[in-house]
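The values are calculated or read from the model by the stated rules, or taken from the named source; none is laboratory data. Values in this document were obtained by computation on a predicted structure and should not be read as measured data. When we count neighbours, we look across all protein chains shown, and the Cβ atoms used for this are built from the backbone with ideal geometry, even at glycine.
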Amino acid sequence: VTEEHILSSLLQQLHLSEVPVLDESDAEEPVTPAHVRAQYVALLRRSHGARSRGK
Amino acid sequence: RFSQNFREVAGRFLVSEASTRLLVFSMEQRLPPNSELVQAVLRLFQEPVPEAALRRHELLSPHGDRARVTVQWLQVRDDGSNRTFLIDSRPVSIRESGWKAFDVTEAVNFWQQLSRPREPLLLQVSVQREHPGQPASSAHRLVRFASQGPSGPRQGEPQLELHTLDLGEFGAQGNCDPEVPVSEGTRCCRQEMYIDLQGMKWAENWVLEPPGFLAYECVGTCQQPPEALTFKWPLLGPRQCIASEMTSLPMIVSVKEGGRRRLRVVSLPNMRVQKCSCASDGAPVSRKLEP
């Protein structure tokens, strides 16, 4: 897993062709909505528990 | 089918030119625990054809003296229905006799996927015309294989040969021991590798979670099998330490939608190594058994 690999996978998931340009106001720390955090924790739990069915 | 000129015509299978035998192999305790099946070979003994029959054949149907032998794996489902999967097929000459080998590795792999160790392996062997539709060739009728006998092993009885590797010796060893530095002699293992996302310039203010993650990597070497296999896969490479199971990485990212900033969860596939194994490049990959 390399830095390029992570970046290209993230761009692909977001259907972006390049890293979004963020302006000043985006730099403030946003509050993470509860439903977003819940979804994130659920995925995290699943990815730590899930085993792909490979050999 | 799909032709503008002809209407699709469905046919039914009325006449079979094949002689088909069902071979049953008990598999209980045949595959040692913690082992990997490398190859499975079915050996059938083709009985010699009597001279008189050969001469009669030549007179009656001179069209070639070969037949096609096809091996299929037979699965009997819980509802009593069954389905077959083509495993191996090749022509044999009616003039030859002796042991014939067929690669049935995939059949045993299918059987393993059932996870029913008490169920036998069912192999359906059929002998057909070498080329369907070949005019008046009856060579296939002269091909006979010695069959399994109800009363114990007999001369020439079909044999199932299983080549396995002890994973204790030829496999990976799970996670690396963090106390021991990885060296030439280290056996394939999963080593911790931390990726610091906060250290990546492009991720600033864009990727909010996680700050970093354990990606792991597979390191070390694998022991090579000594034994020459019956069927050589031309492109088979040496056994290497590879990531055999991967898992995804969820993230919380900040995106702009309609001029407003929103937080979203995305999941990047195949980002973290879940398991390392020893495997060879070029080895056939068996089909997954669909329900």
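Restricting attention to the stretch B:72-102, and to residues there that are surrounded by 15 or more Cβ atoms within 10 Å (Cβ to Cβ) and not in a strand (DSSP E or B), which single residue is modelled with the lowest pLDDT?
Among residues in the stretch B:72-102 that are surrounded by 15 or more Cβ atoms within 10 Å (Cβ to Cβ) and not in a strand (DSSP E or B), the one modelled with the lowest pLDDT is B:Ile94.
Assess whether B:Thr186 counts as being among the polar types (S, T, N, Q), more than 7 Å from every other protein chain (Cβ to nearest Cβ) and buried (at least 17 other Cβ atoms within 10 Å of the Cβ).
yes
Could you tell me whether B:Pro291 is more than 7 Å from every other protein chain (Cβ to nearest Cβ) and farther than 16 Å from B:Cys222 by Cβ?
Judged against the criteria, B:Pro291 is a match.
Residues being surrounded by fewer than 14 Cβ atoms within 10 Å (Cβ to Cβ), in a helix (DSSP H, G or I) and either within 9 Å of chain B (Cβ to nearest Cβ) or at pLDDT 65 or above (or both): count how many of those fall in the stretch A:22-36.
4
Here is a list of conditions, (1) in contact (Cβ under 8 Å) with a residue 12 or more places away in the chain; (2) surrounded by fewer than 17 Cβ atoms within 10 Å (Cβ to Cβ), and B:Leu268 meets all of them except one; can you say which number that is?
Every condition holds for B:Leu268 apart from (2).
Could you identify the single residue in B:Gly152, B:Gly185, B:Gly156 that is in contact with a strand residue (DSSP E or B) (Cβ under 7 Å, 6 or more places away or on another chain), in a loop (DSSP other than H, G, I, E, B), of a type outside the set (Asp, Glu) and at pLDDT below 90?
One residue alone meets the criteria, B:Gly156.
So how many residues does the stretch B:254-277 have that are of a type in the set (Lys, Arg), modelled with pLDDT under 85 and over 13 Å from A:Leu14 (Cα atoms)? Reasoning before the result, please.
Let us first name the residues in the stretch B:254-277 that are of a type in the set (Lys, Arg), namely B:256, B:260-262, B:264, B:272, B:275.
Adding the requirement that they be modelled with pLDDT under 85 leaves B:256, B:260-261.
So of that shortlist, the ones also over 13 Å from A:Leu14 (Cα atoms) come out as B:260-261.
Residues flagged as of a type in the set (Lys, Arg), modelled with pLDDT under 85 and over 13 Å from A:Leu14 (Cα atoms) within the stretch B:254-277 amount to 2.
How many residues are touching a strand residue (DSSP E or B) at 6+ places or on another chain (Cβ under 6 Å) and either hydrophobic (A, V, I, L, M, F, W, C) or at pLDDT 90 or above (or both) when one looks only at the stretch B:49-67?
1
Answer yes or no as to whether A:Val1 is closer than 27 Å to B:Gln191 by Cβ, of a type in the set (A, V, I, L, M), at pLDDT below 90 and out of contact with any helix residue (DSSP H, G or I) (no Cβ under 8 Å at 6 or more places or on another chain).
In short, yes.
So in the stretch B:189-201, with the set limited to residues that are within 14 Å of chain A (Cβ to nearest Cβ) and not in a helix (DSSP H, G or I), which one is nearest to A:Glu4 (Cα to Cα)?
B:Met200
Residues B:Val219, B:Val207: which one is within 13 Å of another protein chain (Cβ to nearest Cβ) and either surrounded by 14 or more Cβ atoms within 10 Å (Cβ to Cβ) or polar (S, T, N, Q) (or both)?
Only one candidate passes the filter, namely B:Val207.
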